[in-house]
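The values are calculated or read from the model by the stated rules, or taken from the named source; none is laboratory data. The shown structure was predicted, so the numbers you read here are calculated from the model rather than taken from an experiment. Heads up, the Cβs are rebuilt from the backbone with ideal geometry, glycines too, and the neighbour counts pull from every protein chain shown.
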Amino acid sequence: MRMPRIVFAAFVALAAALLVSAGTAPALAQKAEFVQRFKDWSVYTYGSGPKRLCFAVSQPKDIEPKNVRADDIYLYVSSWPGDGVRNEFSFKAAAPLGQGSTLTAIVGPDVFELFADGDRAFVENVVQEARLINAMRRGAKLVVRGTTAEGRPTSAVFSLSGITAALNFVRQTCG
């Protein structure tokens, strides 16, 4: 059975926040482990066997508004093949996003629609998600634009330097 997107995203956000900022694994029964860095992207794994999950994570190079803490913003591409999931895109904002609002992920000329759920955003359509991942592999930067729950526009710019190597490594590591 596939892990619910929100539950998985909450776990990944917590693990990555602790790992990326502190450089150490959280005190969990099984620890998410830093595996390797690929330029602006890092790869982590959690668990073993058929329930093993892997994710590539990055933080923004630039954000708007400037008074938001970039330490609280993440972009993930996650795989847990034991449940048939590969290359799931998710974005974690620093604050709750507008309920039911639509965000956009922009890579070069390609624009992808995301849906907001709390402080996270996902691609609704699996075909569009695959197109987004392919655009990320070809692109230099990805911009996520949206609106906070208070109605303020927000954006985050992520480097895509290293994403192809990180995703290839995730595929080799997690199967």
Breaking point among (1) surrounded by fewer than 15 Cβ atoms within 10 Å (Cβ to Cβ); (2) in contact with a Pro (Cβ under 8 Å, 6 or more places away or on another chain), for ARG138: (2)
Test: residue in the range 55-73 that is part of a strand (DSSP E or B), over 15 Å from ALA156 (Cβ atoms), in contact (Cβ under 8 Å) with a residue 12 or more places away in the chain and touching a strand residue (DSSP E or B) at 6+ places or on another chain (Cβ under 9 Å): yes
Do you know which of the residues in the range 149-169 that are in contact with a Leu (Cβ under 7 Å, 6 or more places away or on another chain) and in contact (Cβ under 8 Å) with a residue 60 or more places away in the chain is surrounded by the most Cβ atoms within 10 Å (Cβ to Cβ)? PHE158
Within the bounds of the range 118-126, is there any residue that is of a type in the set (A, V, I, L, M), in contact (Cβ under 8 Å) with a residue 40 or more places away in the chain and surrounded by fewer than 16 Cβ atoms within 10 Å (Cβ to Cβ)? no
Taking the range 10-52 only, how many residues are under 26 Å from ALA95 (Cβ atoms), in a strand (DSSP E or B) and either modelled with pLDDT under 50 or not aromatic (Phe, Trp, Tyr) (or both)? 1
